[in-house]
1. At a Förster radius of 30 Å, what calculated FRET efficiency corresponds to the Cβ-Cβ distance of Ala100 and Leu200, to the nearest 0.05?
2. What is the magnitude of the charge dipole of segment 109-236 about its Cα centre, with +1 placed on the Cβ of each Lys and Arg, -1 on the Cβ of each Asp and Glu, and no other charges, expressed in debye to the nearest 20?
3. Name the long-range amide H neighbours of His168: under 5 Å, sequence gap of 5 or more, or other chain; modelled H, no Pro or chain starts.
Amino acid sequence: MSIKAPPLEQDTIIVGRPLLFSVFGAEGQLLLAEGSVVASDRARQMLLRKGVFHDSAGLDDFTEKSADAAAEGPPLQPLAALQRDYGAATGGRRFALTVATDEGDEAYNTWVVGVHKQTIILTAPRHTDGSLVPVTLGQAWVCRAFQMTSAFRFRSSVLKVLFDPFPHVHIEAPQHVERRIVRGRPRAAVYLGVRLESPLVTPAVIVDLSISGGRLATEADIRLERGQAVRVAMKLELIESQFELCLNARVVGEFGACDARHPKVLFYGLRFEPLSELESLVLHSYVSGQLALELNSLLQMLSTASAA
C-alpha cells in the first residue's frame, strides 16, 4: 500500500511555484509532473487529498506496487475497455480535439466538454498509459479536429489548469480557424454494438459510420482479411422507433491495433455492399442525426472565434 509523504514534503507544494517532485494518484496515474506550477489553492488541496507523492528515485517501486494493486481486480474485456473511452465520448456528444505543443510534436486526444464566453473547456490530455500530460499556464497549443468531411486547425493558449471535479484545462477561443476538405463522405463518430458474421458470429463494435461503410473494432482473436465478405447486424433507434438492419459488407482496410490504449482490439475498414432502399434511408437518417449532434458541438466552439 502506498503511503503519503510526510508533512515536510507536503509543505513544499506551494501555489504559484513549480513542484519539486511528481505527484501520482493511488492507481499510478500522474496528477502533476515535477516542474509543473501549482495553479491554485484548489489544485493544491486536490494534490494533498488525492496524491501519493514520490520523487523520481522511488517511481519504479511505486509503479510496481500500483501494477500489483491493479492486478487484484478483474481486467475489463477488450471491447468493454473500448466502450469506456469511445462510448463515454459519443454518449455525451463531447467533441474530439487533438492538441500538440508544435506542428511536429506528439498529439494528445482531448474532448471539448464546454464553451463559456471566450473560453473552451477540455478534458486534460493524457499519455496512452493514462497518465496526465504536463500542462503549464500560457502554453501554446496547435489544436485539430475532424468533423463530417473537413479538418479544422487553430492555435490557442492554456488559460487555466484545474483538477476538480476532474482534470480539465481552459484554453482561449481561437482567433482564426483553418478548414480543409479531407474526405468525400461525412462520417459520424459512434459507439455501436453490432453482431458480426464472418462467418462465425461474434460481437463487434462500429466506431465511425457513414452511409457507405464504417470502421469496425473486434477483439484481437477475430481476424479479418482485406476483401473478405461479412455481414453486420445492428439496431438503430430513430424517432422512438427501432430498426434492425443486417448489411452485407466487405473488408477494405486492415488497421490492426492502431489505438495504443487498446492493444487487444483490431480495427478494420468496411464498405457496405449495395443497400436496399429502406436500408439506405434508415442508415442515412441515423448518420445525419449523429452528425447534427456533432455539428452542434463544433458550431458552439467555432462561434466563440467569431464573437471574439
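1. Values: r = 41 Å, r/R0 = 1.36.
Computed FRET efficiency for Ala100 and Leu200: 0.15.
2. On the way: 17 positive and 9 negative charges, 110 e Å.
Charge dipole, segment 109-236, about its Cα centre: 520 debye, nearest 20.
3. It is Ala124, Leu162, Phe163, by chain and number.
Readers should treat all values here as calculations from the given coordinates under stated rules, not as data from a laboratory. Note that the structure is predicted; figures quoted are calculated from it, not measured. When we count neighbours, we look across all protein chains shown, and the Cβ atoms used for this are built from the backbone with ideal geometry, even at glycine.
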